[in-house]
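Novice: Here it is, the structure in full.
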Amino acid sequence: MIKIENLTKKYGNLTAVDNLSLQVEEGEVFGLLGPNGAGKTTTVRMLCCLISKTSGNAILNNLSIDNKNNRLEIRKMIGLLPENVGLYEGLSAYKNLDFYAKLYQVPENERKERIEYYLKMLDLWKKKDVTVGTFSKGMKQKLAIARTLVHEPKILFMDEPTANLDPEATKMVRDFILELKKEKRTIFLNTHMLDEAERICDRVGILNTHLIAIGSPDELRRSLWGKKTVVMVDAVTDSILKGIKSLGFEKIVVDNSKITIDVNDPHHDNPSIIRTIQDAGGQIQTISELVPTLEDVYLKEIRRND
Amino acid sequence: MIKLNRKNVWTITTKDISLFLKKKWILYSALILPLVFSIGLPTIVWYIINHKDTPIQALFPVFTAFSLFFMVLSAIIPTVIAAYSFVGEKVEKTLEPLLATPTTDDEILLGKSLAAFLPVIIMIFLSAVIFMVLMDIFTFAKVGYLFFPNWSFVVILLLDAPLACIMSIELSVIVSSRMNDVRSAQQLAGIVLVPFLLLYILTEFGVITIDVNTMLLIAGILALIDIGLFFASRATFQREEILTKWK
């Protein structure tokens with residue numbers, strides 16, 4: 001559905017996005033993770049044909065952003081939820097949606113139905129004639145999502161959809177995105193909220209101007225973090241550490257009575273670790289596998305690439 | 001060749017107008033002002049005629065100079081509306097979703113410009129009718145004929161006022177790209193007022209005579225300025241410029 005090839009954006013000497021290549025399949029929820037200034041918004045703006053690229057290309061549903069004649073068609077096919085909701089606060093919820101539905105050339109007979117459908121779905125129907133200026137942040141975000149969907153776009157771009165929302169509104173927006181995921185919509189999500197990406201996205205890419213890593217949250221955890229065994233002992237002694245090192249493990253981190261060991265295969269390595277500690281006179285209290293969060297992986301990769 | 005979807009243009013225009021109508025300060029400062037002039041100026045004339053011994057012929061240049069106000073108003077008022085239309089969207093961060101729609105830059109620019117142009121011109125015409133009617137009522141007994149409408153005023157209303165209005169809107173677009181505050185944009189765009197005030201002063205001192213030829217000449221000059229500003233404002237109003245360079 002989305003194929004990005006060596007996409008680059010430069011502002012003078014500053015490179016905002018460097019040689020980005022990735023692919024998003026139809027019905028997939030893809031999350032682009034990265035710190036502020038990583039180029040996430042610039043990437044989405046290029047894909048939405050809002051700003052030009054410096055080099056490379058992107059193809060959305062067989063339409064290349066390179067071809068100027070495709071730009072209106074691409075914008076017709078996508079829905080963009082920018083970081084700032086950008087609603088007309090002096091207009092009612094209904095009029096906001098009606099305005100955008102008209103610009104997206106939704107036929108008049110369908111327009112009313114769709115507006116009603118999304119306002120009801122997002123629990124805003126009772127407030128349809130109320131001016132948006134009086135809405136809470138969560139309600140505005142819901143309305144902005146409805147605006148993004150009112151023309152039934154094939155691809156949804158969401159730029160930090162839960163930024164600046166309180167926990168309740170954040171949950172509501174995430175739940176709604178999960179509903180959209182069930183409908184098999186293609187969603188390209190920019191976020192720096194890692195738990196959000198972990199819960200919502202099928203695959204994620206870590207961007208810091210250039211793409212650092214890409215894969216499902218599980219794949220990233222496995223490939224970038226490796227496997228770690230954590231052993232809690234009554235006391236860490238030199239003979240215990242010497243014994244573990246003699247097994248050939250290169251990375252051992254000691255924190256009080258906790259020993260964290262980078263292992264290759266926990267099933268094979270853990271029994272020998274246990275034996276060695278016991279032989280050295282140590283008493284094992286617990287032994288477990290350290291399962292990293294996406295946040296651990298993300299921070300490690302961002303720091304490594306800084 | 002500029003391709004325009006008229007429905008998109010009109011959708012943007014009507015949306016902007018309905019937003020203006022909710023802003024009381026726009027209504028008061030922009031739309032009420034011409035009405036005040038249209039009633040105020042004839043009232044002054046009525047007072048002079050009835051309370052002073054000034055010969056009526058001596059007042060003819062004043063009547064004619066009054067008609068210039070409608071051109072001046074056509075230049076001032078759009079700065080209030082257009083600055084809100086462009087800077088307001090920028091300040092309220094509503095531009096990005098609008099730019100993401102399948103509309104062209106020209107459609108947005110034209111839609112917004114029309115939203116500033118139409119209410120102003122309608123109010124100017126409406127005020128001009130009130131002005132002419134009141135002036136004729138107050139002066140007919142002394143003048144002996146209907147002073148308004150006359151050809152100079154027709155040229156002012158049908159050519160000079162619309163062209164001044166367009167110039168003001170185009171200037172507001174350019175100014176808006178550099179401003180983050182509606183009031184500052186309005187003030188800077190208010191620079192448009194200077195040549196018109198100068199024209200009014202020169203008329204009052206008799207340096208320039210307001211007649212059909214003069215007003216046609218002014219219309220020609222305004223048209224040339226409008227063409228130049230059209231290309232400048234169009235160059236300013238590009239999606240990428242707006243998202244990356246507009247302050």
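Novice: Just for segment B:1-51: of the residues that are aromatic (Phe, Trp, Tyr) and without any contact (Cβ under 8 Å) to a residue 40 or more places away in the chain, which one is nearest to B:THR104 (Cα to Cα)?
Specialist: Just the residues of segment B:1-51 that are aromatic (Phe, Trp, Tyr), to begin with: B:10, B:20, B:25, B:28, B:37, B:46-47.
Narrowing further to those that are without any contact (Cβ under 8 Å) to a residue 40 or more places away in the chain: B:25, B:28, B:47.
Values: B:TRP25: 30, B:TYR28: 32, B:TYR47: 53 Å.
Going through the qualifying residues, I end up with B:TRP25.
Novice: Could you tell me which of the residues A:GLU89, A:GLU28, A:GLU83 is of a type outside the set (Lys, Arg) and over 16 Å from the mean Cα position of the chain (by Cα)? Even if it seems obvious, please write down each step before you answer.
Specialist: Working: A:GLU28 fails: over 16 Å from the mean Cα position of the chain (by Cα); A:GLU83 fails: over 16 Å from the mean Cα position of the chain (by Cα).
One residue alone meets the criteria, A:GLU89.
Novice: If you don't mind, another one. Quick check on my filter: what residues within segment A:116-131 are of a type outside the set (A, V, I, L, M) and touching a residue at least 24 places away in the same chain (Cβ under 8 Å)?
Specialist: Of all residues in segment A:116-131, those of a type outside the set (A, V, I, L, M) come to A:116-118, A:120, A:123, A:125-129, A:131.
Selection gives A:TYR118, A:LYS127, A:LYS128, A:ASP129, A:THR131.
Novice: Conditions: (1) under 22 Å from the mean Cα position of the chain (by Cα); (2) under 23 Å from A:ASP18 (Cα atoms). A:LEU143 meets all but one. Number of the miss?
Specialist: For A:LEU143, the exception is condition (2).
Residue-by-condition table, conditions (1) charged (D, E, K, R); (2) within 30 Å of B:ALA141 (Cβ to Cβ); (3) at pLDDT 90 or above:
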| site | (1), (2), (3) |
| --- | --- |
| B:LYS7 | yes, no, yes |
| B:THR11 | no, no, yes |
| B:ILE17 | no, no, yes |
| B:ILE26 | no, no, no |
| B:GLY40 | no, yes, yes |
| B:ASP53 | yes, yes, no |
| B:ALA58 | no, yes, no |
| B:ALA65 | no, yes, no |
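Novice: Something else: When you check A:GLY86 against the structure, is it within 14 Å of chain B (Cβ to nearest Cβ), surrounded by 19 or more Cβ atoms within 10 Å (Cβ to Cβ) and modelled with pLDDT under 95, yes or no? Working first, answer last.
Specialist: Details: within 14 Å of chain B (Cβ to nearest Cβ): yes; surrounded by 19 or more Cβ atoms within 10 Å (Cβ to Cβ): yes; modelled with pLDDT under 95: yes.
In short, yes.
Novice: Quick check on segment A:48-70. Is at least one of its residues within 7 Å of another protein chain (Cβ to nearest Cβ), over 28 Å from the mean Cα position of the chain (by Cα) and free of Cβ contacts under 8 Å to residues at least 40 places away in the same chain?
Specialist: Taking segment A:48-70 as the starting set, the residues that turn out to be within 7 Å of another protein chain (Cβ to nearest Cβ) are A:48, A:50-52.
Of the ones still in play, those that are also over 28 Å from the mean Cα position of the chain (by Cα) are none.
No - not one qualifying residue is present in segment A:48-70.
Novice: Search segment A:60-82 for residues being farther than 23 Å from B:SER85 by Cβ and in contact with an Asp or Glu (Cβ under 8 Å, 6 or more places away or on another chain), and hand back the single one that is surrounded by the fewest Cβ atoms within 10 Å (Cβ to Cβ).
Specialist: Here the answer is A:LEU63.
Novice: Considering only segment B:15-49, how many residues are away from chain A (no Cβ under 14 Å) and not in a helix (DSSP H, G or I)? Break it down into steps so the answer makes sense when it comes.
Specialist: Just the residues of segment B:15-49 that are away from chain A (no Cβ under 14 Å), to begin with: B:28-49.
With not in a helix (DSSP H, G or I) added as a condition, the list becomes none.
The qualifying residues number 0.
Novice: Every residue in segment B:88-102 that is modelled with pLDDT of 85 or more, surrounded by fewer than 20 Cβ atoms within 10 Å (Cβ to Cβ) and more than 7 Å from chain A (Cβ to nearest Cβ), please.
Specialist: none
Novice: Then there is this: So if I check each of A:THR8, A:THR41, which one is free of Cβ contacts under 8 Å to residues at least 60 places away in the same chain and under 23 Å from A:GLU160 (Cβ atoms)?
Specialist: Numbers: A:THR41 fails: free of Cβ contacts under 8 Å to residues at least 60 places away in the same chain.
None of the others qualify; the one that does is A:THR8.
Novice: Restricting to segment A:160-190, name every residue that is out of contact with any His (no Cβ under 8 Å at 6 or more places or on another chain) and of a type in the set (Asp, Glu).
Specialist: A:ASP166, A:GLU168, A:ASP175, A:GLU179, A:GLU183, listed by residue number.
Novice: Here's another thing I want to ask about it. Test each condition in (1) at the interface with chain B (Cβ under 9 Å from one of its Cβ atoms); (2) without any contact (Cβ under 8 Å) to a residue 24 or more places away in the chain for A:LEU80 and report the one that comes out false.
Specialist: (2)
Novice: Is one or more of the residues making up segment A:63-86 assigned by TED's automatic domain parsing to the domain that holds A:LEU165, out of contact with any strand residue (DSSP E or B) (no Cβ under 7 Å at 6 or more places or on another chain), assigned to a loop (DSSP other than H, G, I, E, B) and β-branched (Val, Ile, Thr)? I'd like the intermediate steps shown before the answer.
Specialist: So in segment A:63-86, the residues assigned by TED's automatic domain parsing to the domain that holds A:LEU165 come out as A:63-86.
Next, only the ones that are out of contact with any strand residue (DSSP E or B) (no Cβ under 7 Å at 6 or more places or on another chain) stay: A:63, A:67-69, A:71-72, A:75-76, A:84-86.
From what's left, assigned to a loop (DSSP other than H, G, I, E, B): A:67, A:84-86.
Checking the rest, the ones that are also β-branched (Val, Ile, Thr) come to A:85.
Scanning segment A:63-86, I find at least one residue that is assigned by TED's automatic domain parsing to the domain that holds A:LEU165, out of contact with any strand residue (DSSP E or B) (no Cβ under 7 Å at 6 or more places or on another chain), assigned to a loop (DSSP other than H, G, I, E, B) and β-branched (Val, Ile, Thr), so the answer is yes.
Novice: Among the helices (runs of 4 or more DSSP H) lying completely within segment A:144-228, list those that include at least 1 residues that are touching a Pro at 6+ places or on another chain (Cβ under 8 Å) and touching a residue at least 60 places away in the same chain (Cβ under 8 Å). If you could, list the steps in order and put the result at the bottom.
Specialist: Values: elements: A:167-182, A:194-200, A:217-220.
Correct list: A:167-182, A:194-200.
Novice: I would also like to ask the following. May I ask you to verify whether B:ASN180 is closer than 16 Å to B:SER67 by Cβ and exposed (fewer than 13 other Cβ atoms within 10 Å of the Cβ)?
Specialist: Working: closer than 16 Å to B:SER67 by Cβ: no; exposed (fewer than 13 other Cβ atoms within 10 Å of the Cβ): yes.
No; evaluated as a whole, the condition is false for this residue.
Novice: Considering only residues of segment A:254-293 that are of a type in the set (Asp, Glu) and assigned to a helix (DSSP H, G or I), which is surrounded by the most Cβ atoms within 10 Å (Cβ to Cβ)?
Specialist: So the first thing to find is which residues in segment A:254-293 are of a type in the set (Asp, Glu), and the list is A:255, A:262, A:265, A:269, A:279, A:289.
Now restrict to residues that are assigned to a helix (DSSP H, G or I): A:269, A:279.
Numbers: A:ASP269: 18, A:ASP279: 11.
Looking at residues that are of a type in the set (Asp, Glu) and assigned to a helix (DSSP H, G or I), I get A:ASP269.
Novice: Next question, about the same structure. Report yes if B:SER74 is surrounded by 20 or more Cβ atoms within 10 Å (Cβ to Cβ), polar (S, T, N, Q), part of a helix (DSSP H, G or I) and more than 14 Å from chain A (Cβ to nearest Cβ), otherwise no.
Specialist: Values: surrounded by 20 or more Cβ atoms within 10 Å (Cβ to Cβ): yes; polar (S, T, N, Q): yes; part of a helix (DSSP H, G or I): yes; more than 14 Å from chain A (Cβ to nearest Cβ): yes.
Yes: the conditions hold for B:SER74.
Novice: Sticking with this structure for a sec: So is B:ILE12 more than 21 Å from B:PHE153 (Cα to Cα) and within 14 Å of another protein chain (Cβ to nearest Cβ) or not? I'd like the intermediate steps shown before the answer.
Specialist: Values: more than 21 Å from B:PHE153 (Cα to Cα): yes; within 14 Å of another protein chain (Cβ to nearest Cβ): yes.
In short, yes.
Novice: Do you know which of the residues in segment B:193-226 that are aromatic (Phe, Trp, Tyr) and within 23 Å of B:LEU171 (Cβ to Cβ) is surrounded by the fewest Cβ atoms within 10 Å (Cβ to Cβ)?
Specialist: Just the residues of segment B:193-226 that are aromatic (Phe, Trp, Tyr), to begin with: B:196, B:200, B:205.
Subset that is within 23 Å of B:LEU171 (Cβ to Cβ): B:196, B:200.
On the way: B:PHE196: 22, B:TYR200: 18.
My answer is B:TYR200.
The values are calculated or read from the model by the stated rules, or taken from the named source; none is laboratory data. Only a predicted model underlies this, so the values are computations on that prediction, with no experimental measurement involved. So basically every Cβ, Gly included, is an ideal-geometry build from the backbone, and we count neighbours across all protein chains shown.
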